[in-house]
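In what follows, a structure is listed as structure tokens, so that the remarks can point back to it.
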Amino acid sequence: MKKVFFLLVMLSLTTFTFAQYSISGVVMNEKREVLPGANVVLAGTYTGTVADSNGKFAITNLHSGSYELLISFIGYEKTSQPVKLEKSNQTITAILKQSGIMTEEVMVSATRAGDKTPVAKTSVDRTTIENRNMGQDIPYLLTMTPSYVASSDAGAGVGYTDFRIRGTSANRINVTVNGIPMNDAESHGTYFVDIPDLAGSIDNIQVQRGVGTSTNGAAAFGATINLQTTTLNKQAYAEVKSSAGSFGTFKNSVAAGTGLMGKFAFDVRLSKVSSDGFIDRATSDLKSFFVSGGYYSENTILKVNIFSGFEETYQAWYGVPSVKLNNDTEGMQRYLDHWLWSGSERENQKRYDDLINSDARTYNFYTYENAVDHYQQDHYQLHFSHKFNEYLNLNAALHYTYGRGYYENYEYDQDYADYQMTAPEGIDVTDMVVRKWLDNDFYGSTYSLNYDDGKNAFTFGGGYNEYDGRHFGRVIWAQYMGDNLTVTDWYGGTSVDSEFEWYRGKGIKKDFNLFGKYNLQLNEALSFYADLQYRHIDYKITGIEDDLRDISQKHKFDFFNPKVGLYYKPNAGNEAYISFARANREPNRSNFVDADENHMPVAETLNDFEAGYTHRTRNYSIGANLYYMLYKDQLIQTGELNDVGSAIMVNVDDSYRAGIELMGGLKITRSLKWDVNATFSQNKIKNFTEYVDNWDYWYDMDNEPYQYVTDLGRTDLAFSPNVIVNSQLSFLPVKDLSISLLSNYVSDQYIDNSSSEDRKLNAWFVNNLKIDYTIKGNLFQEIKLHLMVNNLFDAEYESNAWVYSYYTGGTRYKMDGYFPQAGINFFAGIDFKF
């Protein structure tokens, strides 16, 4: 730590020694009124600042030469101003012209961190999104974010993907689109596969690490991802994009917009993505559309967004057993005997043949031809924004989401009683095909009132959302169906369904939140930030689960989430902050459903302490962010079981994540730039007790214990690597050619909480090469050619896994599944812009 601090200080002193020029000035409107809070950026450098309460700004520690200032302020047209720096200080007056229409930044400002908000954040603009969007899902477009790790079930970034930030899983990370919650209300997860190519309609993304600022929807229990969809394009446009790559991957999309026609504008996009996947049979068939229409005036925006996605992906959720990856013949036989064994000899033989004969890195447990996940999700958003004056604006939104779908499996030799079915005479078991359904509605409203006069900034906001989820399962075919049919009552009588429904449950969740944020400029350099949120949750579960257990229960939660901090910016080249934030998170559906009635999980609490410093100059930037995330009652897997033998999540008293995130950027030459970030962390459970099943007890209760219990003391949190490094080396040899090398290093990480070397993911270092070339002409506005070489050096690695441990015959064994990622693979694309 001392070495890192010394390096930061020496680099800062070097800059002060050799850079003695500055640009200062004031930002005003056409009425000569100052514009406090205006953004001033030095183009092509890492330097920028914000105008103070008097509209004044200063960028110091520059060299002599020619510069371009990019100046922007909400409600005004962006402008650029050339500056030739020949004397020690150049003073300018920047005049911004008021936009004839209200701009859309205000729609997401309430849930985003501003320039002076003391949180760790990363912004991704539309150009970056477009350059990376060649078919892979959104989690793969954010891989340059500090502390970020992405994973893919199918191994190539298409289909089901996952991500973690600071080791925090996706179902603990808050995701919003235009300020509207995207997390599933019951599982808390965000499934970008449900809205394929959403990136094709995203204008910008902000990622906040840690608790971040108050937002709508699920708890931000480690990070927040805030997406904003397509904003107003004043000019008419049309785009056709097509890409193809390894594993039969194809992505095609068309988009068009009318531009601003008087006070109206409309945009539309259609996309289709398909892939065979790296893993055997892990196919993806994905479709989506996005339609937007808006009314824009000087002080008002009324906008409608409608977007929908359909996905059908072959299941690849099981992973590859480590014994298969290691070609352990004896272990594979044991795996078959202990884990893949079923009551059907036909199924056993089929599983054995597939395990033995498949490729070690592409093995897929699922072989039934229609073992698919089939889901569609439709989103409707209505946004209203109104500006009362230069300082005050109001935002409100209504939203509705409808999702429905199932996953299907073939089951051998099933007992009728397990499905509440009546067995035909003389028949005890039957093969069957089952579908487990989720059919849900999610609707509500969000709102915010925002005031900012340059010295005082205040936001009052919140939302109310309601979720109605219907969980049910159906036998759609049985070898011996008999008279097992579902009779449905209708207003006009009854109808007989060819399928049989064996369970049905329901989840109704109401989520209400209020928050207030206040930023006070104490002096020209120092500001104070406070953020208070109240959140109320009412959750009711009724019905039975697929194993016929009655899971009816009710839960209520009231959370108070305070946040406070200081932000210090003495000049354009230096800024620092310190903050404290608290988040509370309710258990999700599976936590409640799997738990015993008398041992229900309780809410988790996170106290997040952060401090950061950034130094920027014309040619480089360096920064560091320290964090200490202290958890109370964090829900983790310990191996404990419920009354029917299923694994449960258990609250542990104390655990933490502590680390430092280092960020740097260096403009090596005019055409060569390097951006890098690295995270070094410790992620610990202070006192962990492990529970491991004793299978011998299950066969004979005299063979105690039921579970072996071991106190392991301080252990590492699962899926929390101690080192994460992301790097991008960008080279522009000629004007329209860009070559980038993107590199990701992730250290070893454990796949359970025992810190066992036998149960971990090995470190990996992966490099991707990206080449872009732009051609401009008369027939087309431009043509862009893309080439992406993923895993350039063909590294073999697995990015995710699961594990289950047990004893039998006095020996400990494990069943596991690792998710291998593809070796070297290619994507090529072409974009036409009209």
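Computed from the coordinates by the stated procedures, all read-outs in this text should not be read as laboratory data. Computed from a predicted model, the values in this text were never measured in an experiment. FYI the Cβ positions are ideal-geometry reconstructions off the backbone, even for glycines, and counts take in every protein chain you see.
Okay, here's what the table says:
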item	result
Exposure proxy order (Cβ contacts within 10 Å, fewest to most) of Val124, Val291	Val291, Val124
Estimated distance in nm for a label pair at Asp439 and Asn131, the labels positioned 7 Å out from Cα along Cα-to-Cβ	4.7
Burial ranking of peptide ranges 102-110, 662-670, 158-166 (average Cβ count within 10 Å, highest at the top)	158-166, 102-110, 662-670
Over the chain, relative contact order from alpha-carbon pairs under 8 Å, at least 6 apart, %	10
Over the stretch 233-365, relative contact order from alpha-carbon pairs under 8 Å, at least 6 apart, %	17
Mean separation of Cα contacts under 8 Å (6+ apart) over length of the stretch 552-685, as relative contact order %	18
Average silhouette area of the chain, convex hull of alpha-carbon atoms, in square nanometres	37.4
Inter-label distance for Tyr480 and Asp428, nm, one decimal - labels placed 7 Å from Cα along Cα-to-Cβ	1.1
Proxy reagent accessibility, fewest Cβ within 10 Å first, across His536, His399	His536, His399
Contour minus Cα-Cα distance for Ser590 and Phe266 (0.36 nm per residue)	112.5 nm
Per residue, the convex hull volume that the Cα atoms of the stretch 534-585 enclose (Å³)	128
Coarse-grained scattering of the stretch 600-732 at q = 0.12, 0.14, 0.15 Å⁻¹, given as base-10 log I(q)/I(0) from a Debye sum over alpha-carbon atoms	-0.66, -0.78, -0.83
Evaluated at q = 0.10 Å⁻¹: base-10 log I(q)/I(0), Debye formula over Cα of the stretch 687-832	-0.57
Residues Ile95, Ile551, sorted so that the one with the fewest Cβ neighbours within 10 Å comes first	Ile95, Ile551
Other-chain or far-sequence residues with amide H under 5 Å of Met102's (modelled H)	Ser297, Glu298, Asn299, Thr300
Most to least packed among 55-62, 498-505 [average Cβ atoms within 10 Å]	55-62, 498-505
Simple Cβ-charge dipole of the chain, Lys/Arg +1 and Asp/Glu -1, about Cα centre, in debye nearest 20	5420
Helical contribution to [θ] at 222 nm, DSSP H n ≥ 4, -39,500 (n - 2.57), averaged over the chain, rounded to 500	-2000 deg cm²/dmol
Net lengthening on full extension, Ser344/Val304 (0.36 nm per residue, minus Cα-Cα)	9.0 nm
